[in-house]
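Below: one structure, written as structure tokens.
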Amino acid sequence: MMKKQLNICLWVLLWILFEHMLQDVSAGTRPTSALDADLMFEILLGGVELDQDNNIILVDKELASMRPGRAFLSQINDNIPRSLNSMGQMVTTLKGHRRPLAPEQFENLVLSMVYSAHRTWHQEGGEEQEAWGGVLLQLANVTVHQLRGSYLFSYD
């Protein structure tokens, strides 16, 4: 049941991000991010896995060898916390942030959700899965607040 909820949560989140980027395009601005919505969809649909060091790897080897794939891997493996404690510290910091996030911070927030969703999905149940799921939901909450521009309100 938890995996089904995670899958739904991740797809809703990706839909929200895609809609946000479409609004940018309709307003006449083109997202300049290295991780545009179409690229994020392509990467995630191709599949990601965790290696023995908890680094994300792309299942699609061709995409992994291309510049966008390498950029994605570099960003998610070099800039995203990989432990529950460090992810929790990131959530606490973001909850205290009272301004819109810079584009790089927002990308890291989204990638942190992707990483947390993947870790939650692959836990064998129990406390670890629940803990990663909790972090994922907190990150999703911060993301929604950022997208709405309601970062001045409580997250609880």
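Hey, with R₀ at 30 Å, roughly what FRET efficiency would LEU45 and ASP78 work out to, going by the Cβ-Cβ distance, to 0.05?
Values: r = 23 Å, r/R0 = 0.76.
That gives a FRET efficiency of 0.85.
Find out how many positive minus negative residues lie around VAL48, taking Lys and Arg as positive, Asp and Glu as negative, among other residues whose Cβ is under 13 Å from that of VAL48.
Around VAL48, the charge tally is -2.
Under 13 Å from the Cβ of ARG82, count the other residues' Cβ atoms, weight Lys and Arg +1, Asp and Glu -1, and hand me the total.
Every neighbour counted, the sum reads -2.
I want to check the label-to-label distance for GLN105 and ASP38. Put each point 7 Å from Cα in the C-beta direction and report it in nm to one decimal.
It works out to 3.0 nm between the two label points.
What percentage of the solvent-accessible surface of the range 34-116, computed with a 1.4 Å probe over protein heavy atoms, is contributed by carbon and sulfur atoms?
C and S fraction of accessible area: 50 percent.
With Cβ to Cβ distances under 11 Å as the rule, what net charge do the other residues near LEU111 carry (K, R +1; D, E -1)?
Local net charge: -3.
As an exercise, use a Förster radius of 22 Å and the Cβ-Cβ distance of ASN85 and ILE57 to find the FRET efficiency, rounded to the nearest 0.05.
Efficiency, from the Cβ-Cβ distance: 0.40.
The values are calculated or read from the model by the stated rules, or taken from the named source; none is laboratory data. A quick note: this is a predicted structure, and the numbers were derived from the prediction, not measured. When we count neighbours, we look across all protein chains shown, and the Cβ atoms used for this are built from the backbone with ideal geometry, even at glycine. Just the protein is used for accessible areas: all its heavy atoms, side chains included, with ligands, DNA and RNA removed. Shrake-Rupley method; radii C 1.70, N 1.55, O 1.52, S 1.80 Å.
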